[in-house]
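Since the structure comes first, as structure tokens, the remarks are kept for the end.
The values are calculated or read from the model by the stated rules, or taken from the named source; none is laboratory data. From a predicted model like this one, the values you see are computed outputs, not experimental measurements. Cβ placement follows ideal geometry from the backbone for every residue including glycine, while neighbour counts extend to all protein chains displayed.
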Amino acid sequence: MNNRRRYFLASMGLLSLAAVTAPWRSLLEDLPVPQEPAEEEHPHASEARLRELDHALKDQLYAVSHFDQDLEQDIFLPVAEQPVFQQVLRRQRKIQAHAGYANFSLMSFDEMLKYARSYSVIGAFSATEIQFMEKIFFHDAHDYGFLGEKVISSLTAKVVKKNVIKIQHSGNYLFKGESQRVFEHLKKDVGESLVLTSGIRSVVKQMYLFLAKAEKCNANLSRASRSLAPPGHSYHALGDFDVGKRNLGALNFTARFAQTEEYQKLIHLGYVSIRYTQDNYFGVRYEPWHIKVV
Ligand SMILES: [Zn+2]
């Protein structure tokens, strides 16, 4: 990770100072106590720090508003790893087609490996492919410029089936309890034209979506992470969900959704929070469709 990103994260309290290297580290260490004697001796030091922070904040907001472009600091998947990346993606795509969209959205890592071994049309994941998936999961996503927290730390985390409910006509599941309650409340208040477009996503499902997005972004992992949380970082694993307007299709996942009557009704209800707002500091594009539950 470059120092400007580390500096930004540490100043936002998102990263420990230990991860920041000198000279940035020395700039940061006394940031919360600007009245120290050293400050008076070097009046320009704090100005310089503020300028750096301001610069980092601007970089961050620039990335969010230009989410779908290649930017200077972006991290790409190494060329040598692209063949294994394609193999993994192909195999996961086959599993989703074979097991069905809804089943795949709940599948755990171990279930996925077993599923692949069980069907010759899919075929077992190779050791190299498994290593690649582990690497993607355990990589520090802050490196890409994605600043959201890691909410699932285990690659083999399972969705407990008795805690979920399939939402009719959507092909998606929600957690029973708060998520289901919020969705039903929304449907009642906004109307039947409000639909669930994405519910619970297991680590495997999120990994598949992230890799598919990375493929569309020509292996630019930073650009992919501005549109889709890397695996382990999605609140879809905990209870957040996406809504859309019936028959709006893929446009539901664009700023176009914010122009619909459904969205207007939704934000005026007073009890709905959007996870990624227009100018957020998580390094994620504006997502008016993503309902924050947890
Ligand atoms: Zn979402």
Item to check | Selection within the range 229-243 - closer than 19 Å to residue 213 by Cβ and more than 9 Å from the ligand (Cβ to nearest atom) | outcome: 230, 231, 232, 233, 237
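Before we move on, is residue 59 crowded, with 16+ Cβ neighbours inside 10 Å, closer than 23 Å to residue 284 by Cα and not assigned by TED's automatic domain parsing to the domain that holds residue 156?
On the way: crowded, with 16+ Cβ neighbours inside 10 Å: yes; closer than 23 Å to residue 284 by Cα: yes; not assigned by TED's automatic domain parsing to the domain that holds residue 156: yes.
Yes: the conditions hold for residue 59.
Would you mind stating whether residue 86 is assigned by TED's automatic domain parsing to the domain that holds residue 282, among the polar types (S, T, N, Q) and either more than 23 Å from residue 235 (Cα to Cα) or surrounded by 17 or more Cβ atoms within 10 Å (Cβ to Cβ) (or both)?
So residue 86 fits the description; yes.
Go through 226, 275 for me and flag whichever is under 30 Å from residue 125 (Cα atoms) and within 15 Å of the ligand (Cβ to nearest atom).
Details: 275 fails: under 30 Å from residue 125 (Cα atoms).
Among 226, 275, only 226 is under 30 Å from residue 125 (Cα atoms) and within 15 Å of the ligand (Cβ to nearest atom).
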Checklist entry - Does residue 246 satisfy the condition of being without any contact (Cβ under 8 Å) to a residue 40 or more places away in the chain, surrounded by fewer than 20 Cβ atoms within 10 Å (Cβ to Cβ), away from the ligand (no atom under 11 Å from the Cβ) and not small (Gly, Ala, Ser)? => result no
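Which members of the range 249-270 meet the condition of being within 23 Å of the chain's Cα centre (by Cα) and either surrounded by fewer than 16 Cβ atoms within 10 Å (Cβ to Cβ) or away from the ligand (no atom under 11 Å from the Cβ) (or both)? Full working, then the answer.
Let us first name the residues in the range 249-270 that are within 23 Å of the chain's Cα centre (by Cα), namely 249-258, 263, 266-267.
If the condition is that a residue be within 23 Å of the chain's Cα centre (by Cα) and either surrounded by fewer than 16 Cβ atoms within 10 Å (Cβ to Cβ) or away from the ligand (no atom under 11 Å from the Cβ) (or both), then 249, 250, 251, 254, 255, 256, 257, 258, 263, 266, 267 are the ones that fit.
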Checklist entry - Does residue 223 satisfy the criteria of being crowded, with 20+ Cβ neighbours inside 10 Å and basic (Lys, Arg)? => result yes
Checklist entry - Here are 206, 180: which of them is surrounded by fewer than 23 Cβ atoms within 10 Å (Cβ to Cβ) and within 16 Å of residue 227 (Cα to Cα)? => result 206
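Is it the case that residue 171 is surrounded by 16 or more Cβ atoms within 10 Å (Cβ to Cβ) and on the phi > 0 side of the Ramachandran plot? Break it down stepwise before answering.
Details: surrounded by 16 or more Cβ atoms within 10 Å (Cβ to Cβ): yes; on the phi > 0 side of the Ramachandran plot: yes.
Yes; evaluated as a whole, the condition is true for this residue.
Of the residues 158, 176, 187, 216, which single one is among the charged types (D, E, K, R) and under 25 Å from residue 86 (Cβ atoms)?
From the options 158, 176, 187, 216, the qualifying one is 216.
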Checklist entry - Which ones in the range 112-168 are at pLDDT 95 or above, outside any helix (DSSP H, G or I), of a type in the set (A, V, I, L, M) and surrounded by 12 or more Cβ atoms within 10 Å (Cβ to Cβ)? => result 122, 124, 151, 152, 155, 157, 159, 164, 165, 167
Item to check | Failed condition for residue 201, given (1) buried (at least 19 other Cβ atoms within 10 Å of the Cβ); (2) not in a loop (DSSP other than H, G, I, E, B) | outcome: (2)
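Hey, any hits in the range 261-276 for a residue that's touching a strand residue (DSSP E or B) at 6+ places or on another chain (Cβ under 7 Å), touching a residue at least 24 places away in the same chain (Cβ under 8 Å) and assigned to a loop (DSSP other than H, G, I, E, B)?
At the first step, the residues of the range 261-276 found to be touching a strand residue (DSSP E or B) at 6+ places or on another chain (Cβ under 7 Å) are 262, 272, 274-276.
From what's left, touching a residue at least 24 places away in the same chain (Cβ under 8 Å): 262, 272, 275.
Filter once more, so that each one left must be assigned to a loop (DSSP other than H, G, I, E, B): 272, 275.
Taking every residue of the range 261-276 in turn, at least one turns out to be touching a strand residue (DSSP E or B) at 6+ places or on another chain (Cβ under 7 Å), touching a residue at least 24 places away in the same chain (Cβ under 8 Å) and assigned to a loop (DSSP other than H, G, I, E, B).
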Item to check | Residue satisfying all of: in the range 280-293; more than 12 Å from the ligand (Cβ to nearest atom) and under 13 Å from residue 233 (Cβ atoms); surrounded by the fewest Cβ atoms within 10 Å (Cβ to Cβ) among these | outcome: 282
